[in-house]
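Here's the structure, in structure tokens; my notes come after.
The values are calculated or read from the model by the stated rules, or taken from the named source; none is laboratory data. Bear in mind the structure is a predicted one, so any value in this text is a computation, not a measurement. Neighbour counts are summed over all protein chains in view; Cβ atoms, including those assigned to glycine, are modelled from backbone coordinates with ideal geometry. Just so you know, the surface numbers come from the protein's heavy atoms only, side chains and all, with ligands and any DNA or RNA stripped out. Shrake-Rupley method; radii C 1.70, N 1.55, O 1.52, S 1.80 Å.
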Amino acid sequence: MGTEWVASLEAVLDRVDAVQVAAPTGCHHDLGLQVLAAGKHLIMEKPLAATLEEGQALLQALAAARARRPGLVATVGHLERFNRAVTALRAMGIKPHFAEAIRVSPFPMRSLEVDVIMDVMIHDLDLLLALIGRPVFRWRRWACPSSPVRGSGERPAQVRGRRLRHGHRQPGGPQEGAVLRAFGANAYASLDFAAQKLEVLRLGPGPDGPTIQQEVVEIVEGEPLMLELEAFYQACLGLGSDIVPWPDAYAAMEVAHLVQVSVAESLANLKVQD
């Protein structure tokens with residue numbers, strides 16, 4: 001398709017205005033620093049970095065780069081935010097008091113330098129933080145005592161936090177998929193990521209007292225990855241766009257780290273009990 005291959009990032013930095021880093025997570029830190037030092041707009045694949053320390057270093061480098069070039073665009077590829085069903089839910093302003101996200105998928109055999117929490121669950125952590133608009137401050141955790149998932153060395157885990165619940169399940173269910181259920185003040189929303197469908201029930205007044213009313217949500221489907229890249233492009237042109245800022249992506253990493261620590265503690269307790 002006419003794509004030019006080069007041996008290093010340095011070979012093209014002086015010829016481009018913007019860069020997308022879609023490399024393994026362990027490379028995000030070094031590549032990100034190079035791009036920021038060159039003063040280029042940057043979209044980083046999620047997660048922002050492999051560790052909190054590397055994430056902090058990238059945030060500091062971004063601040064320095066923006067001091068030299070105000071208006072520099074930096075975003076992270078949390079593409080679920082660009083799912084049309086998600087944007088419709090956010091536009092409704094429903095603030096969940098309780099939310100549940102469930103993903104059913106096989107082990108992806110990629111990004112082996114980070115675990116399922118930082119690689120997959122972080123999508124939902126970012127989305128739930130965006131919906132709730134408040135920090136997570138308490139966790140309950142469970143780690144499955146069964147054998148590790150074949151090929152991954154990891155066990156399925158279920159995590160609960162104040163105002164959110166997340167489960168990641170390996171194959172065994174009826175099909176692959178991802179859903180989000182959110183309970184707000186007098187409202188309930190059920191979202192199917194793959195089908196881009198959103199169902200909303202609201203508690204409202206009826207002739208004989210409160211009644212549940214179904215709200216029809218019309219959604220024009222769109223490819224989230226394309227919408228994400230279009231938003232980045234518009235932001236680079238200075239036209240304004242709803243992109244995912246790096247501080248938001250780092251906040252999702254912080255919650256993911258809390259989950260990792262909690263699951264590790266739970267596994268340690270299981271070993272002691274054994």
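In this structure, P70 does not qualify as out of contact with any Cys (no Cβ under 8 Å at 6 or more places or on another chain) and open to solvent by less than 20 Å² (accessible area, probe 1.4 Å). Pairing each residue of region 194-216 that is within 22 Å of R84 (Cα to Cα) with any residue that is part of a loop (DSSP other than H, G, I, E, B) and of a type outside the set (A, V, I, L, M), provided the two are 6+ apart or on different chains, yields C-beta distances under 7 Å for Q196/N83; Q196/E221; R202/N186.
If only residues of region 191-229 that are open to solvent by less than 90 Å² (accessible area, probe 1.4 Å) and of a type in the set (D, E, K, R) are counted, the one that is modelled with the highest pLDDT is E228. Scanning region 67-85 for residues that are over 22 Å from D126 (Cβ atoms) and without any contact (Cβ under 8 Å) to a residue 60 or more places away in the chain turns up A67, R68, R69, P70.
On the given criteria, is Q20 open to solvent by 80 Å² or more (accessible area, probe 1.4 Å), out of contact with any Cys (no Cβ under 6 Å at 6 or more places or on another chain) and either under 30 Å from A182 (Cβ atoms) or not acidic (D, E) (or both)? Answer is yes for this residue.
If you go through region 230-239 and pick out every residue that is open to solvent by less than 100 Å² (accessible area, probe 1.4 Å) and within 22 Å of the chain's Cα centre (by Cα), you end up with 6. Is at least one residue of region 91-114 on the phi > 0 side of the Ramachandran plot and open to solvent by less than 50 Å² (accessible area, probe 1.4 Å)? Scanning region 91-114 turns up at least one residue that is on the phi > 0 side of the Ramachandran plot and open to solvent by less than 50 Å² (accessible area, probe 1.4 Å).
Against the test of being closer than 27 Å to V179 by Cα, assigned to a helix (DSSP H, G or I) and either at pLDDT 95 or above or open to solvent by less than 20 Å² (accessible area, probe 1.4 Å) (or both), the options L127, L33 yield a single qualifying residue, L127.
All of (1) assigned to a helix (DSSP H, G or I); (2) open to solvent by 50 Å² or more (accessible area, probe 1.4 Å) hold for D242 with one exception: (1). Please tell me if V255 is assigned to a strand (DSSP E or B) and either closer than 18 Å to I94 by Cα or open to solvent by less than 40 Å² (accessible area, probe 1.4 Å) (or both). Answer is no for this residue. Taking the criterion of being of a type in the set (A, V, I, L, M, F, W, C) and over 12 Å from M121 (Cβ atoms), the residues of region 241-271 that qualify are I243, V244, W246, A249, A251, V261, A264, L267, A268, L270. For V12, the test of being more than 20 Å from H257 (Cβ to Cβ), of a type in the set (V, I, T) and under 15 Å from the mean Cα position of the chain (by Cα) is failed. Of the residues making up region 36-66, those that are modelled with pLDDT of 95 or more and of a type in the set (G, A, S) are A37, A38, G39, A49, G55, A57, A61, A63, A64, A65. Exactly one residue out of L89, L72 is more than 12 Å from A249 (Cβ to Cβ), at pLDDT below 95 and in contact with a strand residue (DSSP E or B) (Cβ under 9 Å, 6 or more places away or on another chain), and it is L89.
Taken over region 54-66, the criterion of being surrounded by 15 or more Cβ atoms within 10 Å (Cβ to Cβ) and free of Cβ contacts under 8 Å to residues at least 60 places away in the same chain is satisfied by E54, A57, A61, A65, R66.
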